[in-house]
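Heads up: the structure comes next, in structure tokens.
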Amino acid sequence: MTRSPHQHHLPATGGRMTVTDDGREVADPALEALYADFASNGLIPLWTEIGNLMPASPAPEARPHVWHWSDLYPLAARAGDLVPVGRGGERRAIAVANPGLAGRPYATPTLWAAIQYLGPRETAPEHRHSQGAFRFVVEGEGVWTVVDGDPVAMRRGDLLLTPGWAFHGHQNVTDRPMAWLDGLDIPLNYQLDAGFFEFGSEKLTDLGTPERSRGERLWGHPGLRPLSGLDARVASPLPAYRWEHTDAALAAQLELEKEGHPGVAGPGHAAVRFSNPTTGADALPTLRTEMHRVAAGAATAVRRTVGSSVWQVFSGSGTARLGEETIKVAQGDLIAVPSWVPFGLRAEDELTAFAFSDAPVYEALYLARTHFEETAS
């Protein structure tokens, strides 16, 4: 871990030596006794720890890492053959484990990401938890997630929300398996000692398979807000953000750029954020969700951000700049970006990627900071 410059005046012994008049370092019995008494009383002096507690810049334990879909999906399918879904284990979800986090099932210190796999005609029973969650579908269809009794279809490119403490279960009504990305703030809840969990119904409370959920029928009309819902909601009441709308928004930004009009996040870089229609803020209070599209041959700006993110390539291919490394990425690949690590995407053919982060938490605490290292060329 990087040490702060403020610690450089301390001797390597952690302050347990004194310097004689002729410049020699010698052990000081009184200081040794002081440190022993600190330890026996559960005390640690700041002057021996300041480099760890107050580094000159973030020094995350998490490492930049890429998990390739070509590895993830076959393993999820094998789990589908061998591991049942039911009460107890609850979900056939395989979490990615950041190699810098000592085997914990976390993508970053605040974000949890997993591939969930549901086999043909399987049902995952209902439960609820304080952790906020979403589902993002990189391929497939045929599953309905039931959120507080409202069945919501899951299809390719869709973002489905499960706000904290909402009962939810899933059913696959087809003869084909389906896998998707689960994102939650499990590590954040764990660190804050804020986690609660409760079992729900063994069977789904609504076995319907409507084209549009009740939440979409009420809230899914662009720019129109029902007068029955003028109160501000902590999480978005819209349960699904459909790919057709996301795709159209990204395409329009790049079209406007070609026509010489503003709208893109950067040259050749279109981006949208999923928002709560009652407040205009993030769709979930602790998780920011976005979709990015990079035109063929273009690149995003490389930036460092306080807080971490996870990206999943939805379509196309290219490279990800992760710290000092450049890694090839393709459809389905998951990318963990720890705090203050340089990150950017470059597209070979047109590349579209979903991203989620802990940005709302850092912004609420006034800890957010972003530095652009270079401009995309």
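The values are calculated or read from the model by the stated rules, or taken from the named source; none is laboratory data. The model shown is predicted, which means the values in this text are computed figures rather than measured ones. Using ideal geometry, Cβ is built from the backbone for each residue, glycine included, and neighbour counts are taken over all protein chains shown. SASA here: full protein model, heavy atoms, side chains in, ligands and nucleic acids out. Shrake-Rupley method; radii C 1.70, N 1.55, O 1.52, S 1.80 Å.
From the list 10, 34, the one residue that fits, being modelled with pLDDT of 70 or more and either open to solvent by 90 Å² or more (accessible area, probe 1.4 Å) or among the aliphatic types (A, V, I, L, M) (or both), is 34.
Looking across the range 345-372, just one residue is basic (Lys, Arg) and either without any contact (Cβ under 8 Å) to a residue 12 or more places away in the chain or surrounded by fewer than 19 Cβ atoms within 10 Å (Cβ to Cβ) (or both), and that is 369.
Quick grid of which residues meet (1) at pLDDT below 95; (2) of a type in the set (Ser, Thr, Tyr); (3) closer than 24 Å to residue 272 by Cβ:
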| position | (1), (2), (3) |
| --- | --- |
| 99 | no, no, no |
| 148 | no, no, no |
| 152 | no, no, yes |
| 162 | no, yes, yes |
| 193 | no, no, no |
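Across the range 123-143, the number of residues qualifying as assigned to a loop (DSSP other than H, G, I, E, B) and over 27 Å from residue 313 (Cβ atoms) comes to 1. Quick one: in the range 157-210, of everything that is of a type in the set (Ser, Thr, Tyr) and assigned to a loop (DSSP other than H, G, I, E, B), which residue is most open to solvent (accessible area, probe 1.4 Å)? Applying the filter and picking the extreme gives 205. The single residue among 146, 85 that is crowded, with 19+ Cβ neighbours inside 10 Å, touching a Ser or Thr at 6+ places or on another chain (Cβ under 8 Å), not in a loop (DSSP other than H, G, I, E, B) and not hydroxyl-bearing (Ser, Thr, Tyr) turns out to be 146.
Of the set (1) open to solvent by 10 Å² or more (accessible area, probe 1.4 Å); (2) over 24 Å from residue 238 (Cβ atoms); (3) not aromatic (Phe, Trp, Tyr), all apply to residue 292 but (2).
The residue pairs whose first member lies in the range 209-237 and is free of Cβ contacts under 8 Å to residues at least 24 places away in the same chain, whose second member is among the small types (Gly, Ala, Ser) and loosely packed, with under 13 Cβ neighbours inside 10 Å, and whose beta carbons are closer than 9 Å, counting only pairs six or more residues apart or on different chains, are 218/228.
The residue list 286, 278 contains one member that is in a loop (DSSP other than H, G, I, E, B), touching a residue at least 40 places away in the same chain (Cβ under 8 Å) and more than 25 Å from residue 195 (Cα to Cα), which is 278.
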